[in-house]
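Read the structure below first, then the notes.
The values are calculated or read from the model by the stated rules, or taken from the named source; none is laboratory data. Just so it is clear, the structure is predicted and the values come from calculations on it, not from any experiment. No Cβ is skipped: glycine too gets one built from the backbone with ideal geometry, and neighbour counts run over all protein chains shown. Remember, those area values only see protein heavy atoms, side chains included, never the ligands or the DNA or RNA. Shrake-Rupley method; radii C 1.70, N 1.55, O 1.52, S 1.80 Å.
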Amino acid sequence: MTLTHSPAATANPDLDPGQSAGSNVEHGERVRRKDGDLILTGRGRYLDDIELPRLTHAAVLRSPHPHARIISVNLDAALRMPGVVTALSGGQAMPLAGPVPHYYDPAVAGERTAEFRCLAVEKVLYVGQPVAAVVAETLHEAEAALKFIEVDYEVLPFVTDELAALEPGAPRIFEDWDDNVLIRSAFAEGDTDAAFAGAAHTLREEIRIQRYNTAPMETRGYIATWGLDGVLTFHGSSQNPHPLRSNLATSLGVPETKIRVVAARLGGGFGHKFHGYPEEPLVCVLSKIVGRPVQWLETRSDSMLVGAREMVHHIEVAFEDDGEIVAWRNLIHANIGALGSMAGWGMSFVAGMAFPGPYRVKNYDVTSLAIVTNKAPWNGARGYGKESAALAIERTVDRVAQELGLDPVQVRRRNFIPSDEFPYWTAAKRLDSGNYDGVMDKVVELAGYDALRLEQVSVRGEGRLFGVGVAFELTPEGGDFPGDLVRGFDTSTVRVDPSGDVRVLTGVTSPGTGNETGIAQVVARELGVSVDTVTVYQGDTDVSPYGYGNASSRSMNVGGGSALLAARDVKERLALAAGVLMEDDPAALTFADGWITTTNGHRMRFSEVARAVFTQSIAIPAMNQPQLESTRTYGPDNLLHVPDEHGRVSPYPTYPNSGHIASVEVDRDTGVVRLLSYAAVDDCGTVINPTMVEGQFFGAIVMGIGGALWEELPYDNSGRPVAGTFKHYLMPRTPDLPEIRIGSQVTPSPFTILGTKGAGEGGVAGAVACIANAVNDALRPLGVTAHQMPLSGPRVLEAINTAVPL
């Protein structure tokens with residue numbers, strides 16, 4: 001695999017490429033990642049590198065059944081095993097910890113909810129649900145003791161298929177519900193029935209995206225220890241340490257002032273490390289029992305229990321002879337597993353809300369059902385339902401082109417929202433900005449699209465199955481959901497020391513992406529100092545202001561935005577002092593390269609002025625600001641929760657987008673797909689650090705390719721997951737990938753202070769849809785389609801075998 005980048009171009013020729021609308025923050029500096037050398041050389045400290053005195057190790061016994069009542073749990077034999085310190089059942093844990101609070105409780109949205117404990121008490125709802133735990137001196141001893149725990153189950157009927165779960169006689173996952181539907185989310189605009197009735201053409205498809213997860217390099221882990229002062233210190237591989245602290249306080253019945261959560265360096269987050277897992281309060285309870293630190297580490301098979309994305313789209317599209325799409329209908333069935341307290345169920349909402357994507361379609365009716373089954377629960381996953389929506393949207397756009405004999409690029413251009421119509425409303429979102437035609441222009445050129453089509457004619461003449469895929473993704477980012485601890489704003493403190501060094505304390509965290517480097521760049525630019533003098537602190541709830549961590553590509557938008565506001569406050573105080581010391585107008589001073597310079601050329605070092613503030617303020621009456629510190633909270637302007645006169649809201653403020661083109665060849669005899677070329681162009685608004693953005697875009701594309709072709713978490717007929725290791729869960733390897741060429745376009749958001757839109761998820765959805773379109777384009781001469789993801793060799797071969805011989 002080769003990674004190449006095409007130079008960026010700004011969408012607005014009147015806008016300085018180094019600036020965003022309403023901001024003086026330069027972009028384009030390829031500053032090296034802070035602490036990057038530590039990570040590259042293997043010296044970065046992750047959770048499993050934390051060493052505490054007298055550390056013990058926990059192992060968890062999990063249910064072997066998809067649905068069963070727990071009759072009894074006998075721990076006696078396990079407690080006699082060598083090295084065992086304690087063991088715990090669900091019944092014993094009940095008085096020690098309350099229910100695990102939800103990441104975002106469906107009840108807040110007026111929907112059903114359910115309670116979940118750190119260990120199952122009366123019933124298990126899926127294979128892998130925690131039932132009991134052992135603490136021992138070593139992990140090996142803890143795991144060995146699990147085999148001696150005796151659990152008596154009454155096995156119950158189960159259901160793992162979402163359509164079967166909707167049947168009247170289906171087993172009820174939650175006995176107090178009258179069916180297995182958690183939430184019905186509806187999104188509609190215009191008169192869809194009339195549009196379908198009057199359209200020249202209609203077609204329908206069933207498109208399935210599989211259950212798979214994010215497979216982070218580092219799995220989850222937690223260490224809990226209680227001090228003699230009653231303070232709990234919790235080290236965790238968590239993306240959201242402050243909300244996790246709040247939820248631990250609720251579950252454990254402990255004041256938040258008595259809990260410190262420290263988010264360790266993450267070896268990948270991707271939503272897998274959102275909180276809401278039962279092991280979080282569990283390790284705290286176990287540590288309190290044994291009076292020693294307790295560590296629990298997620299095994300790879302534990303990690304692969306966590307699901308995401310499994311949805312079926314029953315989709316219809318109405319269109320005219322020229323390719324104009326006039327209406328969509330879509331019924332989405334999302335198999336969210338047994339709910340749990342994690343964040344995954346919200347993907348079903350986002351998958352519906354994302355319609356109609358980047359297209360100017362005024363009539364649509366989309367309903368998404370989140371259906372509970374006896375599979376393990378979902379958690380967040382990069383893409384968060386947007387990849388499912390993009391797959392359905394982009395496949396039907398290609399089907400429209402196929403039906404009419406039009407080029408798929410042409411059909412997309414026919415339906416794009418015009419640039420002069422932004423901000424653009426749909427039923428559930430107000431799109432901030434975009435130049436979709438511009439992105440398409442660039443990716444067509446970057447991919448050599450016309451040459452690919454000519455090559456396709458030649459290769460098909462040889463009887464080979466050669467396909468070209470086109471896709472466009474729209475990615476709502478920065479979601480704000482009031483009523484629980486999932487918010488679209490955040491807080492940062494900027495503090496200048498007497499030495500002139502700068503500290504930034506922020507409520508956003510890094511899942512391993514390097515956003516701390518981008519935040520440091522924003523502050524350094526504003527203060528006119530070297531980025532090397534700026535240190536960013538994240539993830540420690542005793543150090544950073546309360547914040548909502550990492551999710552939904554929010555870190556630069558709100559972490560960088562709040563840090564910028566705080567830096568401006570500090571700069572104003574420094575300018576006031578420098579103006580007094582150099583007898584000039586503070587508003588006329590220039591901050592650059594570590595110097596503060598007057599209009600007549602006099603200057604002082606930034607560090608000199610900082611020291612003067614601390615040593616001479618108040619003594620010099622005009623210098624009346626003795627502290628160089630500010631804390632500011634910032635959220636984008638495009639968050640609208642009170643419905644407007646048309647009943648519209650917008651819980652997401654920014655909408656990055658990207659265009660993708662790939663070519664593939666399918667082996668007729670095996671169905672194996674060989675990826676030949678890939679090109680993509682993204683628009684994430686203002687780019688603070690191109691290197692970081694490119695890294696995210698490359699990674700997201702590869703993650704999308706993996707989901708399109710290989711990755712899957714299937715269940716067998718007994719309700720048990722099949723893939724528990726990387727031997728069975730196939731991921732892309734370097735030899736599986738071609739050269740990936742990327743480019744960028746900058747269309748700043750008018751609703752964020754930096755002009756940024758978010759760059760953490762863009763690429764996943766586009767890649768899933770692009771590969772699906774490429775494979776189906778390759779199969780087109782056979783007259784078949786493949787709409788069950790992933791498009792693995794056996795699945796594509798099954799489609800090939802349905803072709804009618806000529």
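Data overview
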{"read-out": "The stretch 178-200, subset free of Cβ contacts under 8 Å to residues at least 40 places away in the same chain and either touching a Gly at 6+ places or on another chain (Cβ under 8 Å) or in a loop (DSSP other than H, G, I, E, B) (or both), residue surrounded by the most Cβ atoms within 10 Å (Cβ to Cβ)", "value": "ASP179"}
{"read-out": "Flag for THR615 being more than 30 Å from ALA778 (Cβ to Cβ) and in contact with a Ser or Thr (Cβ under 8 Å, 6 or more places away or on another chain)", "value": "no"}
{"read-out": "Where ARG525 falls short, out of the listed (1) surrounded by fewer than 20 Cβ atoms within 10 Å (Cβ to Cβ); (2) not in a loop (DSSP other than H, G, I, E, B)", "value": "(1)"}
{"read-out": "Filter result for the condition that a residue is in contact with a Gly (Cβ under 7 Å, 6 or more places away or on another chain), over 23 Å from GLY307 (Cα atoms) and small (Gly, Ala, Ser), over SER341, SER419", "value": "SER419"}
{"read-out": "Unique residue being crowded, with 18+ Cβ neighbours inside 10 Å, at pLDDT 95 or above and under 17 Å from the mean Cα position of the chain (by Cα) when the list is ILE661, ILE688, ILE705", "value": "ILE705"}
{"read-out": "Criterion: among the small types (Gly, Ala, Ser), modelled with pLDDT of 95 or more, farther than 30 Å from ASN415 by Cβ and surrounded by fewer than 19 Cβ atoms within 10 Å (Cβ to Cβ) - qualifying residue of SER492, SER530", "value": "SER530"}
{"read-out": "Residue within the stretch 302-312 that is assigned to a helix (DSSP H, G or I) and modelled with pLDDT of 95 or more present", "value": "yes"}
{"read-out": "Subset of the stretch 312-341 [open to solvent by 10 Å² or more (accessible area, probe 1.4 Å) and either without any contact (Cβ under 8 Å) to a residue 24 or more places away in the chain or over 19 Å from VAL411 (Cα atoms) (or both)]", "value": "HIS314, LEU331, HIS333"}
{"read-out": "Residue that is in the same structural domain as VAL444 (by TED's automatic domain parsing) and touching a Lys or Arg at 6+ places or on another chain (Cβ under 9 Å), where the choices are GLY743, GLY762", "value": "GLY743"}
{"read-out": "Matching entry among ARG309, ARG292, ARG360, ARG300 (being buried (at least 24 other Cβ atoms within 10 Å of the Cβ) and basic (Lys, Arg))", "value": "ARG309"}
{"read-out": "Scan of the stretch 215-251 for residues that are surrounded by fewer than 21 Cβ atoms within 10 Å (Cβ to Cβ) and either of a type in the set (A, V, I, L, M) or part of a loop (DSSP other than H, G, I, E, B) (or both), ordered by number", "value": "MET217, GLY227, LEU228, ASP229, GLY230, VAL231, LEU232, ALA249"}
{"read-out": "Unmet criterion (only one of (1) over 30 Å from THR367 (Cβ atoms); (2) of a type in the set (Phe, Trp, Tyr); (3) open to solvent by less than 50 Å² (accessible area, probe 1.4 Å)) for PHE416", "value": "(1)"}
{"read-out": "Of all residues in the stretch 473-489 being outside any loop (DSSP other than H, G, I, E, B) and farther than 30 Å from ALA772 by Cα, the one that is most open to solvent (accessible area, probe 1.4 Å)", "value": "PHE481"}
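For every residue, the table says whether it meets (1) assigned by TED's automatic domain parsing to the domain that holds VAL508; (2) in contact (Cβ under 8 Å) with a residue 40 or more places away in the chain; (3) open to solvent by 20 Å² or more (accessible area, probe 1.4 Å).
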| site | (1), (2), (3) |
| --- | --- |
| TYR548 | yes, yes, yes |
| GLU583 | yes, no, yes |
| PRO586 | yes, no, yes |
| ILE596 | yes, yes, no |
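Residue by residue, here is whether (1) closer than 30 Å to PRO106 by Cβ; (2) in the same structural domain as VAL768 (by TED's automatic domain parsing); (3) in a helix (DSSP H, G or I) holds:
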| position | (1), (2), (3) |
| --- | --- |
| SER388 | yes, yes, yes |
| ILE393 | yes, yes, yes |
| VAL411 | no, yes, yes |
| ASP420 | no, yes, yes |
| VAL439 | no, yes, yes |
| VAL468 | no, yes, no |
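Condition check ((1) buried (at least 20 other Cβ atoms within 10 Å of the Cβ); (2) hydroxyl-bearing (Ser, Thr, Tyr); (3) outside the structural domain of VAL722 (by TED's automatic domain parsing)) across all residues:
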{"residue": "SER72", "(1), (2), (3)": "no, yes, yes"}
{"residue": "GLY83", "(1), (2), (3)": "no, no, yes"}
{"residue": "SER89", "(1), (2), (3)": "yes, yes, yes"}
{"residue": "MET94", "(1), (2), (3)": "no, no, yes"}
{"residue": "ALA109", "(1), (2), (3)": "no, no, yes"}
{"residue": "VAL121", "(1), (2), (3)": "no, no, yes"}
{"residue": "THR138", "(1), (2), (3)": "no, yes, yes"}
{"residue": "PHE148", "(1), (2), (3)": "no, no, yes"}
{"residue": "LEU163", "(1), (2), (3)": "no, no, yes"}
